[in-house]
Amino acid sequence: MSRNKASARNEDAELSDGDDYVTTMFLSTLTPKFYVALTGTSSLISGLILIFEWWYFRKYGTSFIEQVSLNHLSPWLGGGDNNSADGTGTGGNGAGGANGNISASGTTSNGTVTSSGANGSVGNAQSAVPECKVWRNPLNLLRGCEYQRFYWATKKEPLTYYDMNLSAQDHQTFFTCELDAGKPEYEIMQTAWRERNPKARIRAAREALAKNSEVATAYILLAEEEAPTVQEAERLFKLAWKSAEANYRKSQALHHSAKTEALHRRDTNVMVYIKRRLAMCARKLGKLKEAVKMFRDLTKEVPAILSVLNIHENLIEALLEMQAYADVQAVLAKYDDISLPKSATICYTAALLKARSVADKFSPDTASKKGLTQAEMQAVEAIHRAVEFNPHVPKYLLEMKSLILPPEHLLKRGDSEAIAYAFFHLQHWKRVEGALNLLHCTWEGTFRMIPYPLEKGHLFYPYPTCTECADRELLPSFHEVSVYPKKELPFLILFTAGLCSFTALLTLLTHQYPEPMGIIARTALSWLSVPFNYLLDKMEAILPSNLLQQLARI
């Protein structure tokens, strides 16, 4: 028996020596060209992975490999809880009576209003997930006399195709109906709203007016896109109003049916749109009282389906221009409600009104020594609330970042909304003495209250992660999109960059010094094999010899 064990050990030793001899022979036969090819191939592969990872991170804000690992591999391995990543957590109640209830709405291509609002209830967790829905900018500019003038001056397109395509969908939703079929002038306008070329749209509108001079939507298109001045746009909108009134009376007198109801609803939409644009033209031309009256009428008359126009924000801006702060406070009391969706206009106007009462006497040195008064505390809390809702706005108001023309659509809590708000409201903040100074001294304190904004908020739901992607679609390419919170480069990108650099360095050294690098590589491989040889020796001492013989034969 002892002889058998001794012979088995001798056989194992011979096998081990044979493996070492084969390994030594294999390493000694490798030429420097092999090492050059190996390191070069590794460098190329890691470089391609790095380029792809960097492109994916720039476009989507996350690592592709990490995303695949979390979404697809982690459930298989039993890691992570899908329910915990729903973003259904709610912010706690805080100053100003806000309970974190926000919602985002928009219009789809068929005109229906979609809502992703959160009602804070535990039982309705699915609806509590805030989604990134785009809203129509209530203060969007005129394409002909404003956006086009910017293009002539800079040769840069102020609007993206994605943004204009959303507007085309809105126009088709509000300005077309089934009864337009068979009417050549309205069929032409249906095509005009879908045209991508501005000249083709204008040509189609003129063709429709040539067939029927009472096509109100044709006047709307010409006022929006062809009028070179606001005065000319206002004149065309007045012509559109006359035609829209006549069409509205005709459709109102028809017998009620599904199709006639759709026609009447379309005519109502056209009248609301024209009146809102006339009020905006009056505001631009300095006729503030006329503009405020029309905006007030619209907030009372507008149907529920057109509530996405947010006409109350137009009213707030016009009242601020008149410096009618008491009237602004009355409008805020109606719309700054926990059951209604918030916006930068609502939150920052509330902060401006609170700051107005204390900003002229506010001193950072005095506040640091004696503390804040009750009124100052309320103003600071209002600023923190506004900054938490949209953290991009302060840099534009404080002119730390340059403004561009606002897009026609915006994303709540995103950079696009910040641009749209600051573009029209910066002058109102400058008009209140000390308001910008108070904002400058206090706005960054918001981030100390919400150290992990993507996971938990203070007064609102956690900050959505999808704003950056949507804002890149809405804003022109020459604008540097503001990102919050700043994302650090994923570990895999850093690791891949280091691996690529290391293998590239190895390739260069191997190409220049093939013999020494070959010796270094063989030495490194022999060092790496030491732990494995040690483990094998331990296994030989523990496991039966016949098992090791069978494994060696396999």
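The values are calculated or read from the model by the stated rules, or taken from the named source; none is laboratory data. All values reported here derive from a predicted model rather than from experimental measurement. Heads up, the Cβs are rebuilt from the backbone with ideal geometry, glycines too, and the neighbour counts pull from every protein chain shown. Just the protein is used for accessible areas: all its heavy atoms, side chains included, with ligands, DNA and RNA removed. Shrake-Rupley method; radii C 1.70, N 1.55, O 1.52, S 1.80 Å.
Structure values in brief
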item	result
Derived scalar couplings ³J(HN,Hα) [segment 283-299; Karplus, 6.51 cos²θ - 1.76 cosθ + 1.60; whole Hz; x for Gly, Pro]	5, 5, 8, x, 8, 5, 4, 4, 5, 5, 4, 5, 5, 5, 4, 5, 5
Contour minus Cα-Cα distance for R249 and Q323 (0.36 nm per residue)	22.8 nm
Links that overshoot a 20 Å alpha carbon limit, given the list K287/K412; K334/K354; K284/K342	K287/K412; K284/K342
Packing-based ranking, highest mean first, of 371-378, 292-299 given that Cβ atoms within 10 Å are counted	292-299, 371-378
Order by protection proxy (mean Cβ within 10 Å, highest first), peptides 197-203, 281-287, 219-225	219-225, 281-287, 197-203
Under 30 Å from the Cα of K259 - lysines, other chains or at least 8 residues apart	K133, K183, K211, K238, K242, K250, K275, K300
Share of carbon and sulfur in the accessible heavy-atom surface of segment 160-323 [1.4 Å probe, %]	52
In nm, spacing of pseudo-spin labels at L285 and S529 (7 Å Cα→C-beta vector)	9.1
By average C-beta atoms within 10 angstrom, highest first, the peptides 241-253, 182-194	182-194, 241-253
For segment 196-209, 3J(HN,Hα) per residue [Karplus equation, 6.51 cos²θ - 1.76 cosθ + 1.60, θ = phi - 60°, Hz, x = Gly/Pro]	8, 7, x, 5, 5, 5, 5, 4, 5, 5, 5, 5, 5, 5
Residue list for segment 134-162, given a label point 7 angstrom along the Cα-to-Cβ vector of R196 and an amide N cut-off under 11 Å	161-162
Computed E for T41/K486 - FRET, C-beta separation, R0 56 angstrom, nearest 0.05	0.95
Contour excess over end-to-end distance, with Cα ends at K259 and K183 and 0.36 nm allotted per residue	25.9 nm
Heavy-atom accessible surface of segment 335-502: percent carbon and sulfur, 1.4 Å	54
Lysines whose Cα lies under 26 Å from that of K361, excluding same-chain neighbours fewer than 8 positions away	K369, K370, K395, K430
Inter-label distance for E301 and T154, nm, one decimal - labels placed 7 Å from Cα along Cα-to-Cβ	3.6
In order through segment 45-52: 3J(HN,Hα) via Karplus (6.51 cos²θ - 1.76 cosθ + 1.60), integer Hz, x for Gly, Pro	5, 5, x, 5, 4, 4, 4, 5
Per residue accessible area in Å² of segment 159-218, where ligands, DNA and RNA are left out and the probe is 1.4 Å	49
Positive-pole candidate from C466, S501, P476, dipole of segment 418-534, charges at beta carbon	C466
Sequence-distant residues sharing a close amide H with H409 (under 5 Å, placed H)	N137
Solvent accessible area, Å² - E388, 1.4 Å probe, full protein context	10
Additional length obtainable on full extension of the chain from L48 to Y452, 0.36 nm per residue less Cα span	142.1 nm
Cα gyration tensor category, rounded, prolate or oblate, for segment 335-502 with a/c compared to 1.5	prolate
